[in-house]
């Protein structure tokens, strides 16, 4: 899903702006948690349903010790991450 696709789906829900956003633990609905934060980072897909998150190069270089953080692989893409409360 892209950010544009997400925006379109959210707009189609026609709910007020104060409506809570809840994240599902998995596709079977085995748990839920309110969204608490968003960030832009790098995503490297390992399969069609799983991947790894890396810092953007700008964020990595802004740390005190950039070499302590892994560089994103060449195939990684900039992505929006939604973080759950727990």
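FYI, it's all coordinate maths here, none of it is from the lab. Since this is a predicted model, take the numbers as computed values, not measurements. Using ideal geometry, Cβ is built from the backbone for each residue, glycine included, and neighbour counts are taken over all protein chains shown.
Residue count for segment 20-39 under the criterion of being surrounded by fewer than 10 Cβ atoms within 10 Å (Cβ to Cβ) and part of a loop (DSSP other than H, G, I, E, B): the result is 6. State whether the residues of segment 72-80 include one that is part of a strand (DSSP E or B) and in contact with a helix residue (DSSP H, G or I) (Cβ under 7 Å, 6 or more places away or on another chain). Scanning segment 72-80 turns up at least one residue that is part of a strand (DSSP E or B) and in contact with a helix residue (DSSP H, G or I) (Cβ under 7 Å, 6 or more places away or on another chain).
Kindly evaluate residue 75 against the criterion of being surrounded by 13 or more Cβ atoms within 10 Å (Cβ to Cβ), touching a residue at least 24 places away in the same chain (Cβ under 8 Å) and more than 11 Å from the chain's Cα centre (by Cα). Judged against the criteria, residue 75 is not a match. Taking the stated definitions as given, is residue 52 surrounded by 10 or more Cβ atoms within 10 Å (Cβ to Cβ), within 18 Å of the chain's Cα centre (by Cα) and either in a loop (DSSP other than H, G, I, E, B) or at positive phi (or both)? Here the answer is no, as residue 52 does not meet what is asked. Out of curiosity, is residue 15 in contact with a strand residue (DSSP E or B) (Cβ under 6 Å, 6 or more places away or on another chain) and either without any contact (Cβ under 8 Å) to a residue 40 or more places away in the chain or surrounded by 10 or more Cβ atoms within 10 Å (Cβ to Cβ) (or both)? It is false that residue 15 is in contact with a strand residue (DSSP E or B) (Cβ under 6 Å, 6 or more places away or on another chain) and either without any contact (Cβ under 8 Å) to a residue 40 or more places away in the chain or surrounded by 10 or more Cβ atoms within 10 Å (Cβ to Cβ) (or both). Within the set 54, 43, the sole residue that is out of contact with any helix residue (DSSP H, G or I) (no Cβ under 7 Å at 6 or more places or on another chain) and free of Cβ contacts under 8 Å to residues at least 24 places away in the same chain turns out to be 54.
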